[in-house]
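Let me begin by presenting the structure, written as C-alpha cells, before commenting on it.
Rule-based calculations on the coordinates, nothing more; no lab input. Bear in mind that the values here come from a model prediction, so they are computed numbers and not experimental data. Here Cβ is always computed from backbone atoms with ideal geometry, including for glycine, and neighbour counts include all displayed protein chains.
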Amino acid sequence: MKRLENNPFLVIIVLITSFLLLNSCGGVPEEKVKEGEMANNAFSVEEVLEMVAEENDVTRTLYTKAIVGKGKLQGMKFDEDWRKDDVEAGPLPALFLRGVATSIRKSPVPLGLYLGSDFPVNAANKFEGKQAELFAKIKEDQKPQFFYEEDTKLHTAMFADLASAAACVTCHNKHPQTTKDDWKLGDVMGATTWQYPKDSLTYKETVDVLNSYAKGTVDIYVEYLNEIAAFKESEKPTIGNKWPEEGNYLPTSEVFLDSVKKLTSYKTMKKLVAVRD
Amino acid sequence: MFKISPLRKRQFTGGIIGVLIGVCAILFFTLKSSEEYISLGPMNEGHDDMSCVTCHADAKGNLSQQIQSNIQFAIGIRESNVDFGTQDVSVDNCLQCHDRPNDRHPNHRFSEPRFKEIIKKIDATTCITCHSEHNGERVTIASVNYCMNCHQDLKVEDDPIDVAHETLIAEEQWNTCIQCHDFHGNHRYEVPVKLKDTIPMRVINNYFKGGEDPYGTDKKYIGLSEPEWIKLHLQKE
C-alpha cells in the first residue's frame, strides 16, 4: 500500500475534508465596526477625553459648591472616612471622584479615571514620573496634556483640577495631613488623569464613555444617599427636589444628574453633532 | 465493500479501541463529578464548592469555529484571535464575587501611570499576584514585605502605636504592617496600639495557608457563593 504522501488523490481528499470541516460552521463572528460608522462619526480620543473631562469639571464643581459647601452650612458632614461604620458623613469631592472612577471601572467601557496632585492630602496620590513632569506644565498654562503610555498601550490625558469653590481651599488648608496650607481659589490643586485604549472612537463608543461617566456620578451619589438612610444618630436631610441652599435638603440622584446635564449638555451636544469634513 | 487487509487488522482494532477510550475519557472528564481530576490543583480557601465554569466560562463559538478563527488569524485573514475552549480568566471574574466599594487597595487604582515602576515589582493590578488559584491556600505571595513598594514615605499624624510607624519603616520591619492591617480593609476589628499585642507572624502565615482568620470574623463584605453569583450574573442575562 502506498504511503499517504505518495497518493495525491488521498491527500486532496484529506485536505478538502479538513477544509470543509473547519469551514462548515464559519468562524467565531468578529466584532467589527461598520466602515461607514467609523468614517463618519469617529472622534479622536483627545476630543472624547476633553468632552468627558468637561462634564467632570461641571459635576465636581456642582457637588463641591451646591452639596458639600452649602450642605456644611446646614450642618451636614463630609469625611474622608465616610464609608466607615461609625462615621455618619458624605464623601468629600476627591472621594466622590474616586467613586465615579470605581463605577466606570465596573462598566464595560475601558475608561480609566484618576486624581492626583503634587501636594496631595494622601501621599499615595502624589504624582510621579511622566505625570509629575506634565503636571508642572499644566500648572503653568492650565492646558490639557496628552501622551501615549507605551507600556500599557493606553492613550492618556491630564486635565487641570482647579480650586473652584471655597470649600476646596478651606478643607485642604485646614486638613491635619495637608502638605500645603496656602491654597487660594483658582489654584491648580491637582489634575485628573484619563486613559482609553483606542486612538479614535465611534459615535456609539463616545456616547458610551459619556454615559459611563454619568452613571458613575449617579452610582456614587446613590451610595451617599444610602449612607444617609443608614444614619443612626445624625439628623437626616430630606431627599427630594430641593438643594442644601434652601435648608436641610438634598436632591435625589435624578435631580442631581438633571442639573449636571443642564449645565453640560449644550456644549457636549455641539461637539457630538458638529459637521466633520 | 469495506475490506480490511489481514496485515492491518491489528492496527484497525487498536484504532477502534483508541477511539472508544477517547470517547469514554471525554464523557468522564466532562462530568461535574470529575472536575477535581482535571483541576490544576486544590481550590483556594473559600472556593472549594465552586464549579470550574464559575471562572472558566466557555469560549465563544464551537471548537471547529475556534480552530478556524485562530487559523485565519495565524495566516492574517482575520484581525483578532479567539479564546480556545474556555475564556481567559481575568480580574473581572474575581471582582464579580469579591468587588467591594471600600477596598483599601482596589486593582484598578494601580493602572495609573504613576504606579508603572511599582507594578513591575508587585503587579497589584491583578488578584493572582497574591491569590494564585489552585494552590489550596488563601494568600500565595512568597513574602509579606510588599507594603514597602508604596509606603516608604508614610507619616502618621498623632501616631497611636508605641513604636512609631516611621521607626518601623526606618528599621524595615515590613512584616509588622500585616500584623495590624489586613490588606483589603475588609474586617471590623480593634487595631492594637502596642507592638507586643499585634498578630504573630506564625498566625498570619497560618491564615495565608488557609487557616483561621486572625483579624476576626466580622467582615464588612462577604464574597458571593456560586448560587448567589449565578443569580446575580447569569440569570439576569
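Under the combined filter of DSSP loop state and at most 10 neighbouring Cβ atoms within 10 Å, the range A:85-159 retains these trypsin sites (Lys or Arg not before Pro): A:Lys153. For the range B:103-237, the Kirkwood estimate of the hydrodynamic radius, built from every pair of different alpha carbons, is 16.9 Å.
Of the trypsin sites (Lys or Arg not before Pro) found in the range A:217-277, those that fall in a DSSP loop while having at most 13 other beta-carbon atoms within 10 Å are A:Lys232, A:Arg276. For the listed peptides A:140-149, A:67-76, B:138-147, a ranking on the average number of other beta carbons within 10 Å per residue, highest first, reads A:67-76, B:138-147, A:140-149.
Suppose the Debye formula is applied to equal point scatterers at every Cα of the range B:1-72; what is log10 I(q)/I(0) at q = 0.15, 0.27 Å⁻¹? For the range B:1-72 at q = 0.15, 0.27 Å⁻¹, log10 I(q)/I(0) is -0.80, -1.16. Kirkwood hydrodynamic radius of chain B, from the reciprocal of the average inverse Cα-Cα distance over all distinct pairs: 22.3 Å. Mean partner shielding of peptide B:70-78, defined as the number of other chain Cβ atoms within 10 Å of each residue Cβ, is 2.
Peptides A:191-204, A:8-21 ranked from most to least packed, by the mean per-residue count of other Cβ atoms within 10 Å: A:191-204, A:8-21.
Determine Rg/Rh for the range B:104-154; Rg is computed over alpha-carbon atoms and Rh is the Kirkwood hydrodynamic estimate from the same atoms. Over the Cα atoms of the range B:104-154, Rg/Rh equals 0.98.
The base-10 log of I(q)/I(0) for the range A:45-272, evaluated at q = 0.08, 0.12, 0.13, 0.18 Å⁻¹, reads -0.29, -0.66, -0.78, -1.45 [Debye formula, identical scatterers on Cα atoms, solvent excluded].
Overall size of the range A:127-183 from C-alpha positions, given as principal axis extents largest first: 39, 22, 16 Å. Panel note: the C-alpha atoms of the range A:177-239, placed on their principal axes, show extents of 50, 35, 19 Å (largest first).
Tell me the volume per residue, in Å³, of the convex hull enclosing the alpha carbons of the protein assembly as shown.
Once divided by residue count, the hull of the protein assembly as shown is 226 Å³.
Can you check what the Kirkwood hydrodynamic radius comes to for the range A:154-274, Cα pairs only, in Å to one decimal?
Over the range A:154-274, the inverse of the mean reciprocal pair distance is 17.7 Å.
The mean number of partner chain beta-carbon atoms within 10 angstrom of a residue's beta-carbon across peptide B:60-69 is 5.
Rounded to the nearest 10 degrees, what's the angle between the helix A:93-106 long axis and the longest principal axis of chain A, both from Cα atoms, 0 to 90? Between the helix axis and the principal axis of chain A, the angle is about 20 degrees. Residue pairs exceeding 18 angstrom between C-alpha atoms, taken from A:Lys137/A:Lys267; A:Lys77/A:Lys261; A:Lys130/B:Lys116; A:Lys139/A:Lys180; A:Lys77/B:Lys155; A:Lys184/A:Lys261: A:Lys137/A:Lys267; A:Lys77/A:Lys261; A:Lys77/B:Lys155; A:Lys184/A:Lys261. Only helical runs count toward this figure. For the protein assembly as shown, summing -39,500 (n - 2.57) over DSSP H runs of n ≥ 4 and dividing by all residues gives -12000 deg cm²/dmol at 222 nm. For the range B:155-204, what mean projected area does the convex hull of the alpha carbons give, in nm²? Taking the Cα atoms of the range B:155-204, their convex hull projects to 3.8 nm² on average. Round to the nearest 10 and give me the degree value, 0 to 90, for the angle of helix B:9-29's Cα axis relative to the longest principal axis of chain B. Long axis of B:9-29 versus the principal axis of chain B: about 30 degrees. Note on B:Glu117 and B:Arg10: the model spin-label points, each 7 Å out from Cα along the C-beta direction, lie 6.9 nm apart. Straight-line reach from B:Lys9: which lysines have Cα under 22 Å away, leaving out those fewer than 8 places along the same chain? List returned: A:Lys2. Normalising the average separation of contacting C-alpha pairs (under 8 angstrom, six or more residues apart) by the number of residues puts the relative contact order of the range A:105-236 at 28 percent.
Per-residue shielding of A:147-155, expressed as the average number of other chain Cβ atoms within 10 Å of the residue Cβ, stands at 2.
Once divided by 2.2 N^0.38 Å, the Cα radius of gyration of the range A:217-277 becomes 1.55.
What the pair-distance distribution of the range B:68-176 shows, using all Cα-Cα distances binned every 5 Å from zero, is 2, 9, 13, 15, 16, 14, 12, 7, 4, 3, 3, 2, 1, 0 percent. Take every Cα pair under 8 Å whose residues are at least 6 apart in sequence, average their separation, divide by the length of the range A:45-272, and the relative contact order is 27 percent.
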